[in-house]
Amino acid sequence: MLFPVTYRVNAAGHMEVGGCDLVALAREHGTPLYVYDEATVRQRASEYVAAMGSAGQVLYSAKAFASPQFLRLVAEEGLGLDVVSAGELHLALKSGFPQGRIHFLGNNKSREDVEAAYRAGATIVIDGEYEFELLGEVVPEGKRTPVMLRLSPGVKPDTHDHISTGQLDSKFGFSIESGAARRAVEKALNHPRLDLIGLHSHIGSQIFALGAYERAMEIMLDLLVQLRDELGFEPHKLGAGGGLGIAYTRNDDPPTPRHFVEVVHHALLAGCLQRELKIPQLVVEPGRSIAGPAGMALYTVGSIKDIPGVRRYVAVDGGMGDNIRPKLYGARYEAYLASGPDRAPDGKVTIAGKYCESTDILITDIEMPPLKPGDVIAVPAAGAYCLAMASNYNGMPRPEVLMLKDSEARVMRRRETLDDLVAAEVF
Ligand SMILES: Cc1ncc(COP(=O)(O)O)c(C=O)c1O
């Protein structure tokens, strides 16, 4: 699934999402412009929830993309939320996200983070020794707060090194292999202000090969046997993280959310049965696979530079400031001429951004139809980890964001102004 579920080519031959003509949206709202398809957000979120049924809980990982209207959709579909900072939590609370469904993660939580998480009644997922101290200071005497522990199962999934997190050499989690996980469980159980309700893992992101989750589950369940036998502890919740991959190019064929949940749930059930363990509630926390396929980026072509025999650069009005992924992870995208996605290609071009960095290239060597200044280019699968990582580098305001549904475009985030850029400066 490279395009949102409502994508089609309309009678004018233009790309259309949610009943809205993408060329018309670009003209009316300006570019760079990010558009989300409400039907796709709901379809992906509800597929997770339906697949999970009563077996556990699905949290949306706010880090992939968060805005009030988006979070409310996700909440309406019955998901909880995974946040990693007081900032993400603040946005969630201001958006009216149901408080009882929030988990607070992060590998170096500050005192402010822990205080905010405690005040909001979030389940805190402890990710390091230091947090035991912080929690001891923040949680008042006589009170207890629910916590989980982030463990590192030592599994290396088949994904980009920079987005795999569960292996031994990682800044995240208490390692199972080294014995740190067992010691952390003991510490949490003996802590007077903590209720250890579960254990958590997250092995990486943009994962297609689900066998890595089965391996991680086996390792987690072996630990559960040890914890039950040696400490009498059996967790109420077991977190398998997020990480399901999505299609960024036409050749990508990732598993569906349903398949992902079924594989992880089956590994949990079969593994518990085999080890005679009580079956904990399963928690998964997808981000990319909900927001990613729902979003598209729209850019307008500006300057075109031909270097005969070498390369044709087509520059657009966005780039690494709204999508750092090509540079950060070597991510590959597709691009289409929004006014004629089916038009025959006439050669390879390299789509460059407008930032003053020679590495600011969105897509290297992609077949495109003839392009001219003013053409609108659409990049699918841009809903996750693009705007979420956006910056104001080079003094560029961040783009406007729309939610599309039934031929209507609702503004979710207005375009930043030049005054927004200097709003925090002290003159
Ligand atoms: C702990 C944790 N949970 C969930 C996610 C969401 O992953 P994804 O967006 O790949 O589903 C991440 C992403 O890095 C993460 O670090």
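The values are calculated or read from the model by the stated rules, or taken from the named source; none is laboratory data. Here the structure is a predicted model, which is why all the values come from computation and not from measurement. Using ideal geometry, Cβ is built from the backbone for each residue, glycine included, and neighbour counts are taken over all protein chains shown. Remember, those area values only see protein heavy atoms, side chains included, never the ligands or the DNA or RNA. Shrake-Rupley method; radii C 1.70, N 1.55, O 1.52, S 1.80 Å.
Computed from label points 7 Å out along Cα-Cβ, the spacing between Ser170 and Val426 is 4.0 nm.
Summarised as an ellipsoid, the chain has semi-axes of 41, 23, 20 Å, derived from the eigenvalues of the Cα gyration tensor scaled by 5 and square-rooted, with the largest first. From most to least packed by mean Cβ count within 10 Å, the peptides 416-426, 288-298, 262-272 give 288-298, 262-272, 416-426. Looking at region 38-289 alone, DSSP beta bridges between its own residues are antiparallel in about 5 percent of cases. Take the Kirkwood radius over Cα pairs of region 316-427, plug it into Stokes-Einstein at 4 °C and 1.567 mPa s, and you get 83 µm²/s for translational diffusion. Working ranking of peptides 243-252, 314-323 by packing, defined as the average number of other Cβ atoms within 10 Å per residue, highest first, is 314-323, 243-252. Only helical runs count toward this figure. For the chain, summing -39,500 (n - 2.57) over DSSP H runs of n ≥ 4 and dividing by all residues gives -8500 deg cm²/dmol at 222 nm. When the inverse distances between all different Cα atoms of region 38-289 are averaged and flipped, the Kirkwood radius reads 18.2 angstrom.
Per residue, the average separation of C-alpha pairs within less than 8 Å and at least 6 apart gives the chain a relative contact order of 20 percent. The translational diffusion coefficient of region 45-111, from Stokes-Einstein at 25 °C and 0.890 mPa s with a Kirkwood hydrodynamic radius over alpha carbon pairs, comes to 202 µm²/s. Near His200, once Lys and Arg are set to +1 and Asp and Glu to -1 for all other residues with Cβ below 12 Å from its Cβ, the sum equals -1. At a 1.4 Å probe, what is the % contribution of carbon and sulfur to the accessible area of the chain? Answer for the chain: carbon and sulfur cover 50 percent of the accessible area. Amide H contacts of Ala352 (H built 1.01 Å from N, in plane; Pro and chain starts excluded): Val314, Ala315, Val316, Leu362 sit under 5 Å, all sequence-distant by 5 or more or on other chains. Within region 293-326, whose backbone N sits under 16 Å from a point 7 Å along Cα→Cβ of Cys356? Output list for this probe position: 320-321.
Over 12 Å apart: what share of the alpha carbon pairs of region 23-77 falls there, rounded to a whole percent? Considering region 23-77, 71 percent of its Cα-Cα pairs are separated by more than 12 Å. Accessible surface calculations at 1.4 Å, restricted to protein heavy atoms, place the chain at 41 Å² per residue. Considering only beta bridges that DSSP places wholly inside the chain, some 45 percent are antiparallel. Pairs exceeding a 30 Å alpha-carbon distance, out of Lys348/Lys405; Lys171/Lys348; Lys156/Lys305; Lys156/Lys348; Lys109/Lys327: Lys348/Lys405; Lys171/Lys348; Lys156/Lys305; Lys156/Lys348. With the highest mean first, a sort of the peptides 47-53, 75-81 on other beta-carbon atoms found within 10 angstrom per residue produces 75-81, 47-53.
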